[in-house]
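Following: one structure in structure tokens, then a few remarks.
Derivation of every value follows stated rules applied to the coordinates shown; laboratory data play no part. Here the structure is a predicted model, which means the values were calculated and not measured. For neighbour counting, all protein chains shown are included, and Cβ atoms are generated from backbone atoms with ideal geometry for every residue, glycine included.
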Amino acid sequence: MILEIKNLKVSIDGKEILKGINLSVNAGEVHAVMGPNGSGKSTLASVLAGKEDYTVTGGSVEFLGKDLLALPPEERAREGLFLAFQYPVEIPGVSTANFLKTALNEIRKHRGMEPLDAMDFLSFMKEKMKLVNIDTELTKRPLNEGFSGGEKKKNEVFQMALLEPRLGVLDETDSGLDIDALRVVAGGVNKLKTKDNAFVVITHYQRLLDYIVPDYVHIMYDGRIIKSGNKDLALELEKKGYDWITKDLKTPA
Amino acid sequence: MDQTGRILENVTQGEYKYGFVSDIEAETAPKGLNEETVRFISRKKNEPSWLLEWRLKAYRHWLTMEMPHWQNVSFPPIDYQDAFYYAAPKPKKKLNSMNEVDPELRATFEKLGISLEEQKRLSGVAVDAVLDSVSIATTFRSKLAELGIIFCSFSEAVKEHPDLVKKYLGTVVPYTDNYFAALNSAVFSDGSFCYIPKGVRCPMELSTYFRINTANTGQFERTLLIAEEDAYVSYLEGCTAPMRDENQLHAAVVELVALGNNAHIKYSTVQNWYPGDRNGKGGIYNFVTKRGICIGKRSKISWTQVETGSAITWKYPGCILKGDDSVGEFYSVAVTNNRQQADTGTKMIHIGKNTRSTIISKGISAGHSNNSYRGLVKISAKAEKARNFSQCDSLLMGDQCGAHTFPYLEVKNKSATVEHEATTSKISDDQIFYCKQRGLSGEDAANLIVNGYCKEVFNQLPMEFAVEAQKLLSVTLEGSVG
């Protein structure tokens, strides 16, 4: 088991956003989490990564057998949890390559491995660049500074390829992408998929799932997973719209 | 406190690592300042009478001046009578070679990472080490002399190259220039002198390392660099001082003369004087006048400074661009933390045609510190098609510190182009979180972000110095980032 979320409840500024999430992710699986705006999808991603603005009020999250919620964000990353951000930040003056070398060596240190020197890192990076069709020029530019929306998202997937996480969480990585960029991003994820890792793909639209075929689809609404199924659920949702799910819930029980 | 605040708190609580005091017996002038102090210093150094006269004129001029108060810093009045103006390590005997340098002295510099043993040095850096008032040792002299390069202490230059010193001393920074330049001219004790003859490209970095050791001593050194036609030199300067509760005054003067056509002087400073403790007790008052003049056509002077130390830093390394097509550059990183104050920047005076200047200033304020950029760009009437580009960025760490920008522009020629850009930014929680999500600790994240911010300036430093500057930056900001 890679990730096990049990009855997770989270609030921000006293307002409950997640109202009891249950989700189990095994190695080799791809899970899609879908839902309308405001359903709590991105909150889930942020809480998994350890963003401080949220208060966990109940439940538990186990990641590779460890209590994830007890770890600070950098430890979670070093343990192998990767979040592809919806809005990647810019860091002026720090090249993507330099940033990733620092990050990779932190993770290697955590795993008791020797740090890679500049030469070894470079050849390792080149390998990963091919995987996601990233331009050398992009890795030399300051991290995300002046990148187009598509470049930023590609850069997230590139970082994920390089850091080789056990669990990749993609937070609306498809939003704002044209179809070509979408293909590149999805293609990257497909190539990274192994029997030892897993992905949670958060998305608003079904179209990403034309390229990344999930093993499971979960529909989130109002802080809960209200329906789970296989990829057909996503197609049905696409056809009928979110109202199809939510109108049942709005009628009093 | 938010996340960044906490990290900042951590990063800015680093200890000053150079605060030790060496047990070296010093010979000092009687405390206080009067004409007799000036004569005492001159006598100690066996100076020619012209120099004593020059000092006395400076001293008398200083008496007529008043301490300036326009800078954006505050400190109690300085009692100039309550300090020593000359302190020299007592020589056991006259030195004939480096091997005879007092072991304790040698150990002091070793501890600072400055090796005086030139044979053992692999890196090509010639060092002039100045402790309190006196130059201790200059390395690689004979090798440089083969190329006709003079690199020695100021005192030696006065004895061995009096004509050069007499001709250029005070030509770029006259003793009438300002209060501290006048004071320095009266009581300066030592410093470095460097002359690069025509057509010579100095093959190694020249470096002076300044160290204040004795208590209650002011350090007043003078540096004079002259580059002839087609000559090039890269010069580095580093400074540290012991931790003491009382403030100590450092009032140096640096004069650069890019004399001939195409002469190029690159002057880099990593200033790490003791900044005082967290509550602002003690620390060095760093009141320095640095200026260069580009006389030759297409000559160039570049100032690069990384200012991390001192309780108060007050300096404006400037360039007078007299020769046509000459170039002035100023790259600065000024970091203030705790109660430190800095009012620093540059002056670019365009006189010649097609003269160009670039100003890149990066201020970083943390803790309760105050950091001001103050810069003058002056285009005189004859400076046809002169160009200036200024970029002044401020980075705030935490919400208790201040950043200020005071640009002054005087343009008297219509064909000139002057550009000024300024930004103020903060390290955001989102940036820190992003880095953490990739496995970096909060502190490493902050260092990475700050170093990225300073990159344009660090790129100007010689490799070894750039590494040292990065380390210094993280030590200075230790305890202020997360």
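For the reader, a short list of remarks on this structure follows.
- Sequence-distant lysines (8 or more away, or on other chains) whose Cα lies within less than 26 Å of A:Lys239: A:Lys41, A:Lys227, A:Lys231, A:Lys247, A:Lys250
- Close amide H partners of B:Gln305, meaning residues 5 or more places away or on another chain with modelled amide H under 5 Å apart, are B:Thr269, B:Tyr331, B:Ser332, B:Val333.
- The phi torsions of the range A:29-34, fed into the Karplus equation with coefficients 6.51, -1.76 and 1.60 and a -60° offset, translate into couplings of 9, 10, 10, 9, 10, 10 Hz, rounded to whole numbers, with Gly and Pro shown as x.
- Across the range A:76-89, rounded Karplus estimates of 3J(HN,Hα) from the backbone phi angles (6.51 cos²θ - 1.76 cosθ + 1.60, θ = phi - 60°) give 4, 4, 5, 6, x, 9, 10, 10, 7, 6, 5, 10, x, 7 Hz, Gly and Pro being marked x.
- Spin-label pair B:Lys198/B:Thr417, simplified geometry with 7 Å Cα→Cβ offset, distance in nm: 3.5 nm
- A Förster distance of 60 Å, applied to the separation of the beta-carbon atoms of A:Glu164 and A:Lys239, puts the FRET efficiency at 0.95.
- Placing pseudo-labels 7 Å out from each Cα toward the beta carbon at B:Lys57 and A:Thr57 gives an inter-label distance of 8.1 nm.
- Distance between the 7 Å Cα→Cβ label points at A:Lys247 and A:His110: 4.6 nm.
- Greater than 20 Å apart at Cα, pairs in A:Lys130/A:Lys191; A:Lys140/B:Lys455; B:Lys297/B:Lys385; B:Lys362/B:Lys382; A:Lys51/A:Lys130: B:Lys362/B:Lys382; A:Lys51/A:Lys130
- Separation between Cα centres of the range B:440-475 and the range B:277-305, rounded to whole Å: 20 Å
- Sequence-distant aspartates and glutamates (8 or more away, or on other chains) whose Cα lies within less than 19 Å of B:Lys31: B:Asp79, B:Asp82, B:Asp132, B:Asp190, B:Glu221, B:Asp245, B:Glu246
- Beyond 22 Å in Cα-Cα separation lie the following of the pairs B:Lys143/B:Lys198; B:Lys143/B:Lys315; B:Lys167/B:Lys290; A:Lys109/A:Lys195; A:Lys152/B:Lys436: B:Lys143/B:Lys315; A:Lys109/A:Lys195.
- Surrounding net charge for B:Ser361, when Lys and Arg each add one and Asp and Glu each subtract one, Cβ distance under 11 Å: -2
- B:Asn388 long-range amide H proximity, modeled H, under 5 Å: B:Ser357, B:Thr417, B:Val418, B:Glu419
- In order along the range B:357-374, the Karplus-derived 3J(HN,Hα) couplings, from 6.51 cos²θ - 1.76 cosθ + 1.60 at θ = phi - 60°, round to 9, 10, 10, 10, 10, 10, x, 10, 10, 9, x, 9, 7, 10, 10, 10, 9, 9 Hz, and Gly and Pro are given as x.
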